Amino acid sequence: MPPTLPQPFSANRPLQLVFYAWLFGAFWMNIAGGAAMTCFMRSIGASDAAFGLVAAIPYLGAVVQLPVGYLVERTGYRKKFFLTGGMLERGMWMVIATIPWVLPQGFWWRAFLGCYVVAVIGSNTVGPCWTSWMADLLPKQIRGRFFSARSRLGQFMTVLLPLPVGWLLDHCEPMGDYWVRLATSGMLALAGAVGLVDIFMHMPVRDPVKPRAAALPSFGSMMLQPLRDRNFRIFLWYYAVLIFSLALLNQYLWLFCFDVLQLSKLKTSLLLIIFPTCLSIFLMPIFGPLIDRLGRKPLMMIGTLLLLPAALGWLFMSPGHWLPAYLLAMLAGAGWSATEMGRFNVLLSIGETEGGRSGSGIAYVAIFGVVCAVSGALSGCFASVIVSVLGADWHTSVVGLTITYHGVLFLISTAMRLLSILLLVRFHEPRAFATRDAIQYVAAGTVANLQFAVSLPFRFLRRLGATTFRILPPW
């Protein structure tokens, strides 16, 4: 069963809509960003180096957040910008799905890139508006619990979708590119349509900030203001370096599983999506209250530490020795969930406005998005250059260990994650507890959840026994 909206949110209809809308948004996100998109790109002729370019586009598109942030500050129309950008983003995936069926083959790849860029522009219009909107809609003391529960709802969809998607792709692939294109086009079109439901469900939700036309500083002054905040700069550098390390792998981890480990689409989905997501669902009830009680920095430190070995360990995986990759994937899933939960709550704290009026918080969110986007774009381009220089078939042997171009990316990613930890140490959060306290809290919560899971069958049998009656023999 998917998680339900916990108290004290269940009586608040706007929060109900925001909460359950993500069920449809998660459906779109998992189809558009998973194996279906990877196989669709290959079926229309994308090379290995092209995957690095596609990985860089979402980050380059974040430059849009700067003018969007300024226009929202000018007008206060966060909701209108959110709805427009969201419909553009989700609807464009329905257009992408039609490309192989309405255009000559020579235009497929260029048309895909053009539509993908438009979808990314819509996505980066949505991001800062939604973050600032939610910062004003949700009280500080309940944000951790609310977004923890909402994230678990999306992860429920993440667990369900890869199984049928992987099964269908595995059955279509031996039949040829035509059937792969047909299956993936249908998936992307369906994902776009379902994703629109997520956007439409936000329509009845009010925006606490009213439009205004008050005098504002110039565009340059407003966008430079966040960079004068030293603590924000440290946080910015930390997350930009971490994004660089993650974007290096992106689609290439999928290609490593397909091409090097020789795993099927279903097994790869189990490895990279389902098992890590199940662990995240298990840990999310711990992460949310942890933020509310102990702070965001301890959770981000735990998450980044878990991400450190998750990249290096892939070097030791081979076609006959890949089962330990499940542990690596679950470490990455837990680490990313913790880091992302902490990051989002930091942005909420700086993205809120004062007194229900539009302030400079959205400028912080926009600058954060753009800097991290530049980092991700450079990372994707850097990965693409490495693959182009080394070649898709490049490999070498070090101490009996065969290293492909994927291994070079794993090593660079590990070094960048280590650097991000050193930067996070310098980030200051008032009233945050020590990381060891957070580790103790997570350990205690994990043990409690395990005890509950183990005792659940016995509780069911005890309850079943209480609702039955004993049949005695007649003698």
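Laboratory data are not the source of any read-out in this text; all were calculated from the coordinates shown. All of these numbers come straight from a predicted model, not from anything done at the bench. Heads up, the Cβs are rebuilt from the backbone with ideal geometry, glycines too, and the neighbour counts pull from every protein chain shown.
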Env charge @ Ser420, Cβ radius under 14 Å, K,R +1 / D,E -1, value +3
Apply the a/c threshold of 1.5 to the C-alpha gyration tensor of the range 87-170 and tell me whether it is rounded, prolate or oblate. oblate
Can you compute the modelled spin-label distance between Leu103 and Arg206, with each label point 7 Å from Cα toward Cβ, in nm? 4.5
Residue-count net charge about Val120 - beta-carbon cut-off 13 Å; Lys, Arg +1, Asp, Glu -1: 0
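With +1 on each Lys and Arg Cβ and -1 on each Asp and Glu Cβ, how big is the dipole of the range 1-138 about its Cα centre, in debye rounded to the nearest 20? Could you put the intermediate results ahead of the total?
Working: 8 positive and 4 negative charges, 51 e Å.
Dipole about the Cα centre, nearest 20: 240 debye.
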Say each of Val425 and Arg230 gets a label point 7 Å from the Cα, pointing the same way as Cα to Cβ; how far apart are those two points in nm? 1.8
Total formal charge among the other residues, if their Cβ is under 15 angstrom from that of Ala191, Lys/Arg +1 and Asp/Glu -1: -1
Based on the mean of other Cβ atoms within 10 Å per residue, sort peptides 310-321, 121-132 so the most packed one is first. 121-132, 310-321
Can you give the FRET efficiency to the nearest 0.05 for Arg74 and Ala415, using r as the Cβ-Cβ distance and R₀ = 60 Å? 0.90
Using a Förster distance of 41 angstrom, determine the FRET efficiency expected from the C-beta separation of Trp394 and Arg13, and round it to 0.05. 0.15
If I stretch the segment between Asp170 and Tyr20 completely, what's the gain in nm (0.36 nm per residue apart, minus their alpha carbon distance), one decimal? 50.9 nm
So how far apart, in nm, are the two label points at Asp177 and Leu401 if each is 7 Å from Cα heading toward Cβ? 3.6
